[in-house]
Amino acid sequence: MPDSGYPWPIETTRLDNGLRVVVSEDRAAPAVAVNLWYDVGSRHEPDGQTGFAHLFEHLMFEGSVNVAKTEHMKLVQGAGGSLNATTNPDRTNYFETVPAEHLELALWLEADRMGGLVPALTQETLDNQRDVVKNERRQRYENVPYGDAWLRLLPLLYPPGHPYHHATIGSMADLNAAALTTFQDFHRTYYAPNNAVLTVVGDATASEVFALADKYFGALPARESIPAAPDGRHVPGGGGPVAETVTAAVPAPRVFVAHRTHAFGTPGYDVLTVLATVLGSGRGSRLYQRLADGERIAQPDLVGSYGVDLAHAPAPLIATATARPGVSGERLAAGVTEVVDELATVPVTAVELDRAKALLSTGWWRQMSTVDGRADTLGRYATQFGDPAVAAERLPAWLAVTADQIAELAAEMLRPENRVTLTYLPEESA
């Protein structure tokens, strides 16, 4: 059993403008991963500006002061690298993995769009990317069976006014209504060096990275006042279970059973992570054994559970199953809730616990096996917890979880009054 979940070196510095720089040297291969985490996600968005954080994930590839539209991608790929970006409620991140000799190129490109996107942002570019986001919403959420489940679950889990009430994709009405100047102000507010963490992992020394970071990012001014996200740690009590049934063009009934638990990164969420694995990861899980293999009411490849890693609110545990032919949504929902309820009363066995920890350990080391996986992890812990080295504690924390802790958490957090149930029914069965 490893003593640490991160055995590589970690070195950090902070530039005069507030940019935090994290370096983890690894000479195993001549490649480097560059990952830039901005502390801005959908939870930061004020009323009337939902979807802004995600839209900027697109806009940041559309040109900056010294880089023409689409050139960022062409330059990285032309150098033999790969790149992408993602947005979630807690952050937006941009990342490249390139041959080590092109580290300077990657840092220059990231610095140019951090400090130089606003002067290059035009109404034409904005309108074009708004249309891209609309198409993304249609393709990922609206025109896919069960695709809007997350859009429906969030408002059921978090009331209006809560920072996690709305999904990252945001409101098309908000995106359409905002003027170019509003988007420019959003970038000026959040895309500042003192609101970001730059992480480099791979074939580069800390001194080399620190010097290059200062060269390209050091002249960018800090933002004097960055608005804090609303406090999401407290969720006003709903007074009982919440249920919603949706009749839609879906092939079979599907059920989502969700409970608010602890925030990601807390000891309680470590227990929740192991619990979710026992409950719904793979053929040895309780949901599979009971509903797919035993009672045979759920489709084998469409049953599972997972925690959603939200760092600043009670994060949800979601259990889901899709019915076999002839099984009603009501019967399926009853089956899922029965298995969830038994976590508090039927002790987790040593075999179940060992299996869950083995799965989590394998998943952790799979992510740590790549420079880009490590860069993203260190960026997360530096941004959300102030110290990238805290990442080393995650795997040992999972491995220390006991069956008694799982039962205690289930009894405390997975109560019926804290339950959200979302059921999809095929239109012909309504």
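The numbers here are math on the coordinates, done by the rules we state, and not lab data. Note that this is a predicted model, so its numbers are computed, not measured. Cβ atoms come from the backbone with ideal geometry, glycine included; neighbour counts cover every protein chain shown.
Quick look at the values:
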| quantity | calculated |
| --- | --- |
| Of all DSSP beta bridges in the chain, antiparallel share, percent nearest 5 | 75 |
| Helix-only mean residue ellipticity at 222 nm for the chain, each DSSP H run of n ≥ 4 adding -39500 (n - 2.57), per residue, nearest 500 | -12000 deg cm²/dmol |
| Whole-Hz ³J(HN,Hα) from phi, Karplus 6.51 cos²θ - 1.76 cosθ + 1.60, for the range 41-57, glycine and proline x | x, 5, 5, 7, 6, x, 3, x, 10, 5, x, 5, 4, 5, 4, 5, 4 |
| Distance in nm between pseudo-label sites at Asn128 and Asp185 (7 Å out along the Cβ direction from Cα) | 2.6 |
| Around Glu244: net Lys/Arg minus Asp/Glu count, Cβ-Cβ under 13 Å | +2 |
| Fraction of the pair-distance distribution of the range 11-217 above 21 Å, Cα-Cα pairs, percent | 55 |
| Volume of the Cα convex hull of the chain, divided per residue and given in Å³ | 143 |
| Förster radius 35 Å - calculated FRET efficiency between Ala68 and Ala228, Cβ distance, rounded to 0.05 | 0.50 |
| Residues with amide H under 5 Å from that of Ala31, placed H, sequence gap 5 or more | Ala100, Asp203 |
| Compactness of the range 319-375 as Cα Rg over 2.2 N^0.38 Å, two decimals | 1.67 |
| Spacing of the two label points (7 Å from each Cα toward its C-beta) at Ala248 and Val235, in nm | 2.0 |
| Whole-Hz couplings from phi, Karplus 6.51/-1.76/1.60, listed for the range 362-374; x for Gly and Pro | 4, x, 4, 6, 5, 5, 6, 6, 10, 5, 6, x, 5 |
| Label-point separation, Ala29 to Ser328 (7 Å along Cα→Cβ), nm | 5.4 |
| For the range 90-107, Karplus couplings with θ = phi - 60° (6.51, -1.76, 1.60), whole Hz, Gly/Pro x | 9, 6, 10, 9, 10, 8, 9, 10, 9, x, 4, 5, 10, 4, 4, 4, 4, 5 |
| Nearest-0.05 FRET efficiency for Thr205 and Ala403, computed from C-beta distance (R0 41 Å) | 0.35 |
| Most mobile listed residue (Ala31, Ala249, Ala111) in the chain, GNM with C-alpha springs under 10 Å | Ala249 |
| Theoretical FRET efficiency, 1/(1+(r/R0)^6), r = Cβ-Cβ of Asp387 and Asp16, R0 25 Å, to 0.05 | 0.75 |
| Dipole of the range 195-333 [Lys/Arg +1, Asp/Glu -1 at C-beta], most positive-end residue of Gly268, Tyr288, Leu310 | Tyr288 |
| Inverse mean reciprocal Cα-Cα distance (Kirkwood Rh) of the range 242-429, Å | 17.3 |
| Added length on full extension, which subtracts the Cα-Cα distance from 0.36 nm per residue, Glu101 to Ala219 | 40.1 nm |
| Per DSSP, loop GluC sites (Glu not before Pro) in the range 221-299 with at most 13 further Cβ within 10 Å | Glu224 |
| Total charge dipole magnitude, the chain, about the Cα centre, Cβ charges on Lys, Arg, Asp, Glu only, Debye to nearest 20 | 620 |
